[in-house]
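Visitor: Can you read through this structure? Questions will come right after.
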Amino acid sequence: MNNTLKKNKVCAIIPFFNEAGTIEEVIDRSLNFVDCIIAVDDGSSDGSADNIKNNDRVIFISNPKNYGKGYALNTGFNESLKNDFEITITLDADLQHKPELIPNLVEGINNFDIVIGNRLNNYKTMPLQRIVSNKLTSLLLSLKTRQKLLDTQSGFRAYKTKILNDILPLSFGFEAESEILINAARKNYKIGFTPIPTIYGDEKSKLKSFQAIRGFIRIMMS
């Protein structure tokens with residue numbers, strides 16, 4: 001797979017860990033809406049990478065072990081910066097995000113530095129534990145950043161690539177996405193939201209509750 005590309009406008013970072021059943025479809029659907037995919041395999045052991053087709057529009061990066069989502073995102077962010085993309089999209093590899101809504105994020109970036117897909121307008125299909133967690137963390141981060149943040153746990157986002165160096169997280173885990181918002185608020189970057197559907201299937205969450213809570217508390221105290 002190609003590891004260097006000429007300058008394009010929009011890339012999508014797809015970090016994944018053991019997503020053999022969905023990674024190919026997510027990449028194929030996303031390629032309809034972006035110039036390039038940066039697929040970051042965070043130490044998968046299920047052969048996920050074997051399902052990624054050789055494509056000049058896909059940059060494939062393999063981490064030697066499972067470091068965590070924050071680490072995988074940073075890997076992708078640095079690759080996007082190196083290739084001078086104007087807009088960087090992030091989405092999950094488990095089909096919880098509809099690639100067909102990428103244009104909504106790109107459109108929103110005209111008015112904001114970061115645009116986040118907000119699932120909390122309609123969360124009927126979201127597990128109760130996730131509803132409580134998302135609402136609580138969004139409230140706490142809103143208080144910390146002194147701006148209204150709606151769905152801070154959504155990983156379906158668009159960034160102006162030029163701001164990434166200012167907001168890169170130090171966290172390796174899922175709390176990295178909250179840390180990014182704190183960093184962005186401290187730099188007075190504008191954060192916007194666009195509605196997206198809540199999609200949950202039979203997939204098993206990779207979020208480890210104790211580690212996630214501990215990580216979130218740490219960044220809230222920073």
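Rule-based calculations on the coordinates, nothing more; no lab input. The structure presented is a predicted model; accordingly, all values stated were derived computationally and were not measured. Counting neighbours? That spans all protein chains shown, and the Cβs are built from the backbone with ideal geometry, glycine included.
Visitor: Return the single residue from 157, 119, 29 with maximal mean-square fluctuation; model: Gaussian network over the chain, springs between Cα atoms under 10 Å.
Guide: Evaluated over the chain, the most mobile residue of the options is 29.
Visitor: Which one of 73, 58, 31 is farthest out on the positive end of the charge dipole of region 10-220, using unit charges on Cβ (Lys, Arg +1; Asp, Glu -1) and the Cα centre as origin?
Guide: 73
Visitor: Zone of residue 170 (label point 7 Å along Cα→Cβ, backbone N under 13 Å): which residues in region 47-90?
Guide: Residues passing the 13 Å test: none.
Visitor: A further question follows. Comparing 195, 99, 64, which has the greatest mean-square fluctuation in the GNM of the chain with Cα pairs linked when under 10 Å apart?
Guide: Result: 64 has the largest fluctuation of those listed.
Visitor: If you take the C-alpha gyration tensor of region 49-113, multiply each eigenvalue by 5 and take the square root, what semi-axes do you get, largest first, in whole Å? Mind showing how you got there, number by number?
Guide: Numbers: eigenvalues 97, 47, 37 Å².
Computed over region 49-113, the values are 22, 15, 14 Å.
Visitor: Using the crude model of +1 on Lys and Arg Cβ and -1 on Asp and Glu Cβ, and no other charge, please compute the dipole size for region 10-220 relative to its Cα centre, in debye to 20. All intermediate terms of the calculation are to be shown ahead of the outcome.
Guide: Working: 25 positive and 25 negative charges, 241 e Å.
Computed about the Cα centre, the dipole is about 1160 debye.
Visitor: Report the residue, chosen from 193, 33, 174, that carries the largest GNM mean-square fluctuation when the chain is represented by alpha-carbon nodes joined by springs under 10 Å.
Guide: Largest GNM mean-square fluctuation: 33.
Visitor: Over 25 Å between Cα atoms, which of 69/160; 135/162; 9/53; 69/144 qualify? Could you put the intermediate results ahead of the total?
Guide: Numbers: 69/160 20 Å; 135/162 30 Å; 9/53 22 Å; 69/144 23 Å.
The pairs that break the limit, which is 25 Å between Cα atoms, are 135/162.
Visitor: Suppose only helical runs count, i.e. DSSP H with n ≥ 4. What mean residue ellipticity at 222 nm does that imply for the chain under -39500 (n - 2.57) per run, divided by all residues and rounded to the nearest 500 deg cm²/dmol? List each step's numbers first, then the result.
Guide: Values: 7 runs with 74 residues, N = 222.
Value at 222 nm, helices only: -10000 deg cm²/dmol.
Visitor: Before anything else, pin down the relative contact order of the chain: Cα pairs under 8 Å, at least 6 apart, normalised by residue count, whole percent. Write out the running numbers ahead of the final one.
Guide: On the way: 430 pairs, mean separation 49.9, N = 222.
It rounds to 22 percent for the chain.
Visitor: Which residue, 141, 116, 10, has the largest displacement toward the positive end of the dipole of the chain when charges sit on each Cβ (Lys, Arg +1; Asp, Glu -1)?
Guide: 141
Visitor: Dimensions of region 133-185 along principal axes (Cα, Å, largest first)?
Guide: Computed over the Cα atoms, the extents are 29, 22, 19 Å.
Visitor: Once you sort the root eigenvalues of the Cα gyration tensor of the chain as a ≥ b ≥ c, which label holds: rounded (a/c under 1.5), prolate (a/b larger than b/c) or oblate (the other case)? Can you show the working numbers first?
Guide: Numbers: a/c = 1.44, a/b = 1.24, b/c = 1.16.
Rounded.
Visitor: What GluC sites (Glu not before Pro) in region 53-127 are in a loop by DSSP, with at most 12 other Cβ atoms within 10 Å of the Cβ? Could you put the intermediate results ahead of the total?
Guide: On the way: sites: 79, 86, 100, 107; in loops: 86.
Qualifying residues, ordered by number: none.
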